[in-house]
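Working notes, beginning with the structure itself.
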Amino acid sequence: MLHDNLTINSQGHLEFAGVDTTELARTYGTPLYLMDENRIRARMRLYRDAMKKYFGGESGPLLASKAFCCKAIYRIAAEEGIRTDLVSGGELYTASAAGFPLERAYFHGNNKTDADIRQAMDAGVGHFVVDNAEELQAVSACAVQRGQTQNILLRLTPGIDPHTHAAITTGKVDSKFGTAIETGQAAELVRVALRMPGIRLVGFHCHIGSQIFDVIPFCDAATIMLRFMAQMRQEGYEAQVLNLGGGFGVRYIEEHPVIDYEAAIAQLAAHIRNTCAELKMPMPTVLMEPGRSIVADAGLTLYTVGSVKTITGYKSYVSIDGGMTDNPRYALYQSDYTVLLANKASLPADFRATIAGRCCESGDLIQEDVLLQKPVRGDLLAVLVTGAYNYSMALNYNRVPRPPVVMIRDGKPYVAVRRESYADLTHLDE
Ligand code: LLP
């Protein structure tokens, strides 16, 4: 199977995190998001321990909570002693409601409103990642007004194109995120930041993109950032922190490689150490912001099969009781997924199908032209590796309620997010 938290039991049922998925579907209904808490914790520990080992000092991961955001994940991150990033007032509110220690949070976003800035300062968020000159001004003004000093990183664009999907590339010079090194604007921003009251510049941030399998683009980004840090050092400013963002890929289908995250971190650390030696500068504290690689393969979605329709001479559509509303990633990025019938997992997958959701939208598809066990109405369809950017990107188009999130810890399921009801859907309607 694709990952070691997936097995097939003697009844031919798919098991996830040691639990029979057909039983979970019976207990909680479908569509249903499942999350493997043990795996989430294992990945957090892997990043935490490997980054400490190879980068040293205070280096470590921040959970990129946009990949999967609810109170439970912040509680888990807090218990595992890792930091988090936040990109909106809503994520900040959720982290705060979960009791996450916000001095360990980094507040991102390319357009923080004045209200966002105040909310984050009220909550005691440890660091802001400032995107641009205007925002720098706004953060400084807010801090001065409150008589405090706010720690910040500046988000820079190193000009790297890691050849991932265009919509999830973010480190290029032409980007809505960050301030460009290449144009000289980043250096100017640093000079301005150092003169500005109410802020303490602790270092720099970049993020090159997502679903990247190769460590080389990260090394290239690090080189550019370190050279920039060396240049600033010559001007008299020594940055302590280098945050390299998130982006390591995850195996969604058999054809994707297996990534050894610890080996990748070790390779990146060796590269950074060597580059610092060449530039004759001390090793900074290194932060990373993994999202997908912490939660993606800790997730799975279960659906009930409805209509199975073969259009003579064309193809077969298998419709499920969810779709783009709980997983918009195929509609947005043509993302690859592995699908199978969880109640017939040991049968041969020889039925070619397109998996369709139930929105009034032809593009509401989960996968096209995949091989599946022969389906009938009532079968249970599993889409694997849905832990990242599924629940967090779910929507209510056609007033479809969002599925619940059931976490499994040590073989025991519990509801982390309850199923949205129709009453929840009309809750805000006057
Ligand atoms: N840090 C920053 C500043 C980011 O913008 C992102 C992702 C991350 C960290 C986490 O990256 P990860 O480790 O998860 O690759 N919705 C898209 C992905 C968008 C990623 C946006 N930023 C998808 O479903 O593929």
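I'm a student and want to see the number: the projected area of the Cα convex hull of the stretch 1-68, averaged over all directions, in nm².
On the way: hull surface 25.2 nm².
Across all orientations, the stretch 1-68 yields a mean hull projection of 6.3 nm².
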Sequence order, the stretch 420-430: Karplus ³J(HN,Hα) from phi using 6.51 cos²θ - 1.76 cosθ + 1.60, θ = phi - 60°, Hz rounded, Gly and Pro as x, gives 5, 9, 4, 5, 4, 5, 9, 3, 9, 6, 7
Kirkwood Rh in Å, taken over the stretch 88-212 so that all alpha-carbon pairs contribute | 15.0
So the pair-distance distribution of the chain, from every Cα-Cα distance in 10 Å bins, comes to percents of 4, 21, 29, 24, 14, 6, 1, 0
If you take the charge dipole of the chain about its Cα centre, with +1 on Lys and Arg Cβ and -1 on Asp and Glu Cβ, which of I160, I311, G363 is farthest toward its positive end?
-> I160
Whole-Å distance, taken between Cα centres, linking the stretch 93-143 and the stretch 1-45 = 36
Is the stretch 1-123 rounded, prolate or oblate when judged by the Cα gyration tensor, a ≥ b ≥ c being the square roots of its eigenvalues, rounded requiring a/c under 1.5 and prolate requiring a/b larger than b/c?
-> oblate
Between L63 and residues 5 or more places away or on another chain, which pairs have amide H atoms under 5 Å apart, with H built 1.01 Å from N, and which residues are they?
-> R83, T84, D85
Under the rule rounded for a/c under 1.5, else prolate if a/b exceeds b/c, else oblate, using alpha carbon gyration tensor axes a ≥ b ≥ c, the stretch 142-281 is classed as prolate
Prolate/oblate/rounded label for the stretch 282-360 (Cα gyration tensor, a/c 1.5) = prolate
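Values quoted throughout were computed directly from the atomic coordinates according to the rules given, and no laboratory measurement underlies them. These numbers were taken from a predicted model, which means no experiment stands behind them. Neighbour counts run over all protein chains shown; Cβ positions are idealised from the backbone, glycine included.
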